[in-house]
Amino acid sequence: MSSLDYRKNPAVRYSILCILLLPLLALLLSPPPAHADGGFPIIGVLHAGQRPEGIAVDTETHMVYIAYEFPSLVVGFDPISGKVRWSVTVSDSANDVQVDSTNHHVYVASVSNNNTRGGLTILDGASGKILFNAITIYGNDGLAIDTIRQRVYLSSSDHDIISVYSLTTSAGGKISAVSSTLKVGTHPQPLGVNSRLGRLYVGDVASNTIDVIDEESGHILATIPVAALPVQPLRVDEATGRVYVVCSTGQELDVIDGHINKVIARIPVSPFPEGVAFNTATGRIYVADEGHPDNVFSGSSSGTTITAVDKQSFDVLGTLPVGRAPDGVETDPSLRRIYVSVEDSNAVVEISDSPDIPLQAGLDTHQAAAVRQAILLLQQAAAITVILMVVTIVGATLAARSRRLRAPESPQNPPSGASSRSEQRIPPA
């Protein structure tokens with residue numbers, strides 16, 4: 001192609017410009033790569049099922065309990081020996097797990113594939129033996145345990161109720177339960193309990209609030225506004241009375257002071273966060289940056305990191321790559337370890353919690369919000385630019401083709417008697 005063709009043909013110019021801009025567009029719109037290939041601080045990676053979600057740690061025995069969605073397994077993992085002690089099939093899909101470190105019982109919420117019922121299963125933490133089984137209302141969105149009062153709470157946002165199970169354990173170890181229901185809000189989902197204060201915390205995904213309920217009377221003591229879409233689990237630090245609320249759509253971690261029932265910090269984190277845990281030994285909070293909306297399986301849009309936050313100042317310390325779509329996260333303060341269920345990578349990552357963790361640079365709250373807004377605007381601008389370029393290229397190409405398709409007019413013979421030459425005028429003398 002000659003330089004004359006390049007200058008005259010706008011379609012060629014725009015095509016070359018589009019090709020040059022495509023790598024920039026891919027860089028702006030593509031998610032960051034996952035890096036979890038071992039070495040400090042990654043101690044090990046466990047593959048025991050597909051799509052691990054809920055995770056719990058017995059701080060006395062150090063056993064780690066993992067709920068896998070497919071197949072519906074609950075796994076008891078011993079991090080000291082590095083071996084899986086047992087695995088138990090529960091219903092069709094296990095979606096949450098909690099543990100009582102006083103009696104070493106494991107509590108599992110599950111749902112059926114036909115969307116007709118849920119389930120509550122209690123296991124012995126040492127052997128995996130099933131101690132109690134109950135069919136519950138479908139839509140087990142949240143699970144919480146009062147270890148002092150021996151109560152289990154299950155929320156169902158589909159039916160707008162909370163199921164309450166008051167447990168009794170016989171001398172022989174047999175567990176029985178008396179069930180009741182609690183009506184709170186319109187779409188209750190995440191739950192948390194402060195056994196010392198006798199407080200139940202219920203997140204409502206429709207009103208974006210946290211209701212504080214007195215466990216003895218059932219009365220609502222306060223309703224606290226939080227950012228959009230609070231998700232399970234709500235983490236309660238009974239030593240300080242603080243409640244940590246992950247707000248997925250709002251893309252922040254809200255911290256509530258349980259003594260005054262007010263939000264004392266709003267910490268921006270990565271898009272669509274999911275799990276949260278705090279480590280009393282290192283004074284850090286960890287948030288799992290899942291990266292896509294709840295119940296959406298999309299590896300291409302998954303997050304790949306956990307965010308570390310200072311527990312006192314609430315400053316974002318940085319992020320650590322762990323794999324695609326980190327979901328549940330838990331800590332063991334005595335062993336100084338972090339456990340992250342990395343859903344889209346089908347793995348549970350065991351991390352050494354240390355001040356020397358190689359975190360990627362953290363941002364303060366204002367910087368983080370500004371960066372998120374800038375990235376969003378850049379992505380929108382890039383998408384609009386590409387659309388305009390495509391429209392321009394198509395229009396220029398069609399116009400050029402239309403001109404070529406037009407046949408040039410053939411010269412017409414002049415009428416008889418008419419001169420074929422232009423009349424020449426002789427200027428006057």
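Here, each number is a calculation from the coordinates, and none is a lab measurement. Keep in mind that this is a model prediction, so the values were computed, not measured. Here the Cβ positions follow ideal geometry from the backbone for every residue, glycine too, while neighbour counts run over all protein chains shown.
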Taking 60 Å as R0, compute the FRET efficiency from the Cβ-Cβ separation of A239 and A399 and round it to 0.05. 0.25
Zone of H104 (label point 7 Å along Cα→Cβ, backbone N under 12 Å): which residues in region 125-163? 125-129
Nearby aspartates and glutamates by direct alpha-carbon distance to K262 (threshold 13 angstrom, same-chain neighbours under 8 apart not counted): D211, D254
Tell me, what HN-Hα J-couplings in whole Hz come from the Karplus equation 6.51 cos²θ - 1.76 cosθ + 1.60 at θ = phi - 60° for each residue of region 234-239, using x for Gly and Pro? 8, 9, 10, 9, 5, 5
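How high is the FRET efficiency from R196 to V386, r the C-beta distance, R0 60 Å, rounded to 0.05?
Approximately 0.60, to the nearest 0.05.
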Pull out the extension gain between I148 and S112, defined as 0.36 nm times the separation in residues minus the alpha carbon to alpha carbon distance; nm, one decimal. 9.9 nm
If the chain between D315 and S334 were fully stretched, how many nm would it gain, using 0.36 nm times the residue separation less the Cα-Cα distance? 4.5 nm
What number comes out for the charge environment of L154, summing +1 per Lys or Arg and -1 per Asp or Glu over other residues with Cβ under 11 Å away? -1
So what are the ³J(HN,Hα) numbers for region 161-178, from phi and the Karplus equation (6.51, -1.76, 1.60; θ = phi - 60°), rounded to whole Hz, Gly and Pro as x? 9, 10, 8, 10, 10, 8, 9, 10, 10, 6, 4, x, x, 7, 9, 10, 9, 10
Using amide H atoms built 1.01 Å from N in the peptide plane, name the residues 5+ places from I137, or on other chains, whose amide H lies under 5 Å from its own. G118
Sorted by chain and then number, the residues having a modelled amide H within less than 5 Å of the amide H of N95, at least 5 places away or on another chain, are A109, S110, V111
Apply 1/(1 + (r/R0)^6) to the Cβ-Cβ distance of T181 and T59, taking R0 = 45 Å, and write down the FRET efficiency to the nearest 0.05. 0.90
With a point put 7 Å past each Cα toward its Cβ, work out how far Y138 is from K262 in nm, to one decimal. 4.4
Roughly speaking, what is the stretch gain from A171 to T89, that is 0.36 nm per residue apart minus the C-alpha to C-alpha distance, in nm to one decimal? 26.8 nm
